[in-house]
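In what follows, a structure is listed as structure tokens, so that the remarks can point back to it.
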Number of protein chains: 2
Amino acid sequence: MAASTLAEVARLAGVSPATASRVLNGSARTPGPEIAERVKEAARSLGYIPNAQAQGLARSSSGLIGLVVHDIADPYFSTIARGVQSAAREHQKMVLLATTSGTPADEQAAVGAFAARRADSIVIVGSRSTRPQDAKDNQELAAELDRYCSNGGKVGIVGHPVVGASADGYHVVPVPNEELATELARALAAEHTAKFVIIAGPDGLLTSDDRIRGFQRGLLAAGLPEAEVIHTGFDRAGGYQAGLEIAGRIKSSQDPASNQPAACLFAVNDVMAIGAVAALREQGLSIPRDAAIAGFDDIETLRDFRPALTTVSLPLEDIGRLATLGSLGWSETDNAMPVTGVVTLRRSTETVPT
Amino acid sequence: MAASTLAEVARLAGVSPATASRVLNGSARTPGPEIAERVKEAARSLGYIPNAQAQGLARSSSGLIGLVVHDIADPYFSTIARGVQSAAREHQKMVLLATTSGTPADEQAAVGAFAARRADSIVIVGSRSTRPQDAKDNQELAAELDRYCSNGGKVGIVGHPVVGASADGYHVVPVPNEELATELARALAAEHTAKFVIIAGPDGLLTSDDRIRGFQRGLLAAGLPEAEVIHTGFDRAGGYQAGLEIAGRIKSSQDPASNQPAACLFAVNDVMAIGAVAALREQGLSIPRDAAIAGFDDIETLRDFRPALTTVSLPLEDIGRLATLGSLGWSETDNAMPVTGVVTLRRSTETVPT
DNA sequence: GGATTTCTGGCAAGCGTTTTCCCCGGCGGA
DNA sequence: TCCGCCGGGGAAAACGCTTGCCAGAAATCC
């Protein structure tokens, strides 16, 4: 038994498909109540489900929102995805998911697929890259997006605009990474005298770069020298690796007499921070005694981590919502309420008394 | 500028739409190479993107896979989602996401929406409920699914079949929750003499119930009495609450002379376990000294948690893949490799020497 | 060399809706 | 009483693509 069609419903109700369509799917014109009832009854008895593809074709709008993330299993993205999902639901849209590992080429493919599906809008999350090797792909991504926009699509972007994209229809939700990193640095500088080291993502990853820049600026403002920057992977493994390296240095240079932390670390995101902590611990170091460490994002799942991680709380779910609403043309919302975060000092950067 | 259509491409290339369709979208018949080149060139120059909705309508298949989860921000689900996504991608499908908070009514709505979109298959993840208040909704969900299946849809389910669903086309990926919980209990029973307490989800949540049952069986096999079961929310908050209660009891009854843990806790999932640990700690108790605790799932993000959590490792990503492949009719795969987990003993249940 | 296949394009009929007209009956105003 | 309106229902034309079928041409076989 194939799914029943509108035509069948109409026939059963003894009306034309036009009328059936009008009563079953919100139309400006509402047929007479008696007829309407008959149609609804017919639909019910046949178990009629409108074919959204056909509707999409006819209305040329699909009710779909495309979501592009690096990795849906990463808590950063999945939290944002939750926001996207909830905003989409409020607007009776469904979300189409694409994961890309952050590769611009994959992102381009995803945008293409969304365009093919005539998604009403696309939300892109995840740090942009300006690395030279990505330049070409970035350009193609930008072209794909521009094409999508010029065909009437809307795009919501978290963080940085896609490099090179220029058409109308973009809505970016800015995240004050730099400012917040500055604040974090100042807060840490007030308590710590140890050497600062930044555990960062690959050079050219915009989010990472912003946070580095902001942090350095904060140190500067506090009259401290620039921090050393270690570039590594933007994930736990990267943090872990950097942690190992730092642990080695600390152990070889630590002054046993001092009980001040030998280093104050800033990992540009929480997951990296956790990786670094794991490495430091494995090497027998203790946080925050031997080294203080801060992250960024304030991932929910990691809040029970001990020592509690100093970090910058970002309203990830709201960010997802905002990007979605923005992509839907709901731009009033963001003017009302720009994204902001708050520096959250916790145990991992406390200076141990004595 | 509206998106260009196949007809325009055909016109520009000087061929019929039929021919254009054949060269641009994999068809059994491939037109002559010279013509093909002309069409491709035309398509390229127009920036043609096939309209997937129209294709779907014509082919009556959408290339969509519907994924139903309780909460995409929950690491359990997001890890499975990653597997689903990757399997989908390998089969050139896109995934449509729906989150339902586990409410059967919402799940039904999601299935309906997927059916409307003519999703090729649906993957349902998340514990089924047999609670009386859900009975009616469950039945409707089952009806909706049956309808979807009888219209040719395929369904992949993780864990338990939907209560009451009977049509053809279901593929369930069984997760040996009960067996693994039994194993876990035996392993713990070998080391612990303290009172066992199970921190469980609401009564009637199948996954929770299975894990309880398995655990009790394991205790029994080890010659120990049944554990007390505390029913609470299936999430961190639930675990936390139970943790508070247990902490109270422990503190009021603890024998200061003993340095054996006063209780051995089993939380039916990792997130609950983490919540419980947080509560216990807040109450000044230490793990595993005052209480041992184990979880279930082995969530990746929580692996760096200290004390490392004893748990049962589940190949979540594979489970997602399997359910997806199964839903696509790739059933050979699962016969070859049933899902299995492994009891992973870690620090949180170690008995402290002396 | 003629007849029979084998190919290759094109025509046109869907796929299931929406939406623009159009028509017809009833109504109020003059 | 006549006319213009209005409102509700239907016919039919999209929407953009696939595919079964057909016809002509080329290739193959006696």
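Tabulated data for the structure shown
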item	result
Search result, residues across the stretch A:57-77 that are farther than 20 Å from A:Cys149 by Cα and touching a strand residue (DSSP E or B) at 6+ places or on another chain (Cβ under 8 Å)	A:His70, A:Asp71, A:Ile72, A:Tyr76, A:Phe77
Tally, over the stretch A:109-141, of residues that are within 14 Å of chain B (Cβ to nearest Cβ) and either more than 20 Å from the chain's Cα centre (by Cα) or surrounded by fewer than 24 Cβ atoms within 10 Å (Cβ to Cβ) (or both)	10
Single residue of B:Ala87, B:Ala105 found to be away from DNA strand D (no atom under 16 Å from the Cβ) and crowded, with 24+ Cβ neighbours inside 10 Å	B:Ala87
Any chance A:Arg38 is modelled with pLDDT under 90, among the basic types (Lys, Arg), touching a helix residue (DSSP H, G or I) at 6+ places or on another chain (Cβ under 7 Å) and assigned to a loop (DSSP other than H, G, I, E, B)	no
Selection within the stretch B:55-91 - assigned to a loop (DSSP other than H, G, I, E, B), more than 16 Å from DNA strand C (Cβ to nearest atom) and more than 9 Å from every other protein chain (Cβ to nearest Cβ)	B:His70, B:His91
Which listed residue is under 27 Å from the mean Cα position of the chain (by Cα) and surrounded by 19 or more Cβ atoms within 10 Å (Cβ to Cβ), from A:Ile212, A:Ile246	A:Ile212
Among (1) part of a loop (DSSP other than H, G, I, E, B); (2) crowded, with 18+ Cβ neighbours inside 10 Å; (3) not small (Gly, Ala, Ser) - the single one B:Val163 does not satisfy	(2)
Residue satisfying all of: in the stretch B:41-56; near DNA strand D (Cβ under 10 Å from one of its atoms) and of a type outside the set (S, T, N, Q); farthest from A:Arg118 (Cα to Cα) among these	B:Ala43
Hits in the stretch A:88-135 (condition: among the small types (Gly, Ala, Ser) and at positive phi)	A:Ser101, A:Gly102, A:Gly126
Unmet criterion (only one of (1) modelled with pLDDT of 95 or more; (2) in contact with a strand residue (DSSP E or B) (Cβ under 9 Å, 6 or more places away or on another chain)) for A:Glu317	(2)
Residue satisfying all of: in the stretch B:14-40; more than 10 Å from DNA strand D (Cβ to nearest atom) and within 20 Å of A:Ala116 (Cβ to Cβ); nearest to the other protein chains (Cβ to nearest Cβ) among these	B:Lys40
Qualifying residue in the stretch A:43-53 (condition: facing chain B (nearest Cβ under 9 Å) and within 30 Å of B:Glu317 (Cβ to Cβ))	yes
Count of the stretch B:15-31 residues which are modelled with pLDDT of 85 or more and either more than 7 Å from DNA strand C (Cβ to nearest atom) or in contact with a Ser or Thr (Cβ under 6 Å, 6 or more places away or on another chain) (or both)	5
Within the stretch B:162-188, tally of residues that are at pLDDT 95 or above and out of contact with any strand residue (DSSP E or B) (no Cβ under 8 Å at 6 or more places or on another chain)	6
Residue satisfying condition, being more than 11 Å from every other protein chain (Cβ to nearest Cβ) and either surrounded by fewer than 24 Cβ atoms within 10 Å (Cβ to Cβ) or among the aromatic types (Phe, Trp, Tyr) (or both), within set B:Leu285, B:Leu265	B:Leu285
Residues satisfying the stated conditions in the stretch B:94-108, i.e. outside any helix (DSSP H, G or I) and either within 14 Å of the chain's Cα centre (by Cα) or modelled with pLDDT under 95 (or both)	B:Leu97, B:Ala98, B:Thr99, B:Thr100, B:Ser101, B:Gly102, B:Thr103
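The values are calculated or read from the model by the stated rules, or taken from the named source; none is laboratory data. Since the model is a prediction, treat every value here as computed from it, not as a measurement. When we count neighbours, we look across all protein chains shown, and the Cβ atoms used for this are built from the backbone with ideal geometry, even at glycine.
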